[in-house]
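The values are calculated or read from the model by the stated rules, or taken from the named source; none is laboratory data. Here the structure is a predicted model, which means the values were calculated and not measured. No Cβ is skipped: glycine too gets one built from the backbone with ideal geometry, and neighbour counts run over all protein chains shown. Note: accessible area is taken over every heavy atom of the protein model, side chains too, but ligands, DNA and RNA are not part of it. Shrake-Rupley method; radii C 1.70, N 1.55, O 1.52, S 1.80 Å.
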Amino acid sequence: MTPRPFAGRVLAILLAGSMIPMPSALASAQQTRYQVDPAHSTVHFALGDTLHHFGGVFQIASANIVFDPASRQMSGRIVVDAATGDSGSHARDKRMKNDELQAQAFPSIVFEPKTFAGDLSLSGSSQIQVSGLFTLVGQSHPITVPMTIQIDGTRCTATGQFDVPYIDWGLKDPSMLMVKMQKQVRIDLTLTGILSSAAS
């Protein structure tokens, strides 16, 4: 008995579907975990005054992010150790940690991503806008960070640059007499880590 035309078409579709290669576990996962390696990630800052500009680095204590490419939802935390700020000047760094950042009372600077805008590909380069909460000296502020995401297999590098209006956010103005400081500090963020299924 030969299959009816409709049944035959259904059978052909099913057979064709069985020959389509299944996507990788990472590509098919609804949620993806981004485990950042603090040792190979950096937070650079830059600030200037009426006389010169200077910059330095902070150390990342931990960073673990989960994101859903379909819903564009994110969760997790990037935690920076406030006491590790190093601009190359012991006196300046001491004032920054003790007076401006109050590192003893607020040891962590935290960014908590919540959502992202733009198309995030799980292979190659993508440009997205990450929105979330930036917590500085115990106060949280909404912020959006433009980021470039480069994914090669399970390895991922995320870079972004943004300004923190630290004076508007309640930090002490470090300006002294004729030396006036800029009211924003520029942050250059580089995160390097590994992607995996959030269910693993």
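Assorted remarks:
- Treating r as the C-beta distance of Asp99 and Ala39 and R0 as 35 Å, the FRET efficiency rounds to 0.75.
- For Lys94, solvent-accessible area (1.4 Å; no DNA, RNA or ligand), Å²: 120 Å²
- Computed over the stretch 24-142: relative contact order in percent, which uses C-alpha pairs under 8 Å that are six or more apart: 19 percent
- A simple charge model with +1 on the Cβ of Lys and Arg, -1 on the Cβ of Asp and Glu and nothing else charged puts the dipole of the stretch 36-161 at about 100 debye relative to its Cα centre.
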